[in-house]
Structure formats: structure tokens, C-alpha cells
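Presented below is the structure to which this report refers.
Every number here is computed from the coordinates shown, using simple stated rules; none is lab data. Every value quoted in this text rests on a predicted model; they were computed, and no experiment measured them.
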Amino acid sequence: MRSPPMNAPAELRRRIADGVASAGARSVVVARGSLVLLAHGLSAVQPEQRGDCWIETNGETLTAEDTMALLLHWTTGAPMAQRV
């Protein structure tokens, strides 16, 4: 996976329960902003709840795990694992 730019526009989304969903909605936009800000916001979510969240940017979907790897890459330079 190539590292997207930190300032790329992005949306943080969260899956919503079917009982709460209106008119077939499966997710809600929690926040919009730069990728780096949303990535840090997602890192503040409790680990057991991160699985219901993801970030969409530049036509890509980043899972919570992808996002945590991206933050690690940005802060330490650690290589990012290849997504399948």
C-alpha cells in the first residue's frame, strides 16, 4: 500500500445497527477533514469499537487496522504491510 498524503481530504465513517438505520442506511459520516486528523481521531476510539469504523479517502477505504499502520508509518517511518 502506498502511503496517501496526510492532507488528503477524507471521511470517517461508522457502521450503524440495522435497528437504528433509516431507509436502508448502513453507515454515517462521523467527520470530514484531512486524513491525518481523522486518523488520529480514529485512534482515540476504543479498540473494540474501531472495527465498526473506517476512513474513505481518494477512492480508497482504510480499515481501522490500515489506519493504525498508516499512523505508525507517518510517526516512525516503519514500513507498511501490503494489503491483499
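3J(HN,Hα) couplings calculated from phi for the stretch 29-34 with the Karplus curve 6.51 cos²θ - 1.76 cosθ + 1.60 (θ = phi - 60°) are, in sequence order, 7, 7, 7, 10, x, 6 Hz; Gly and Pro show x. Using 0.36 nm per residue and subtracting the Cα-Cα separation, the extra length available between residue 78 and residue 27 on full extension is 15.2 nm.
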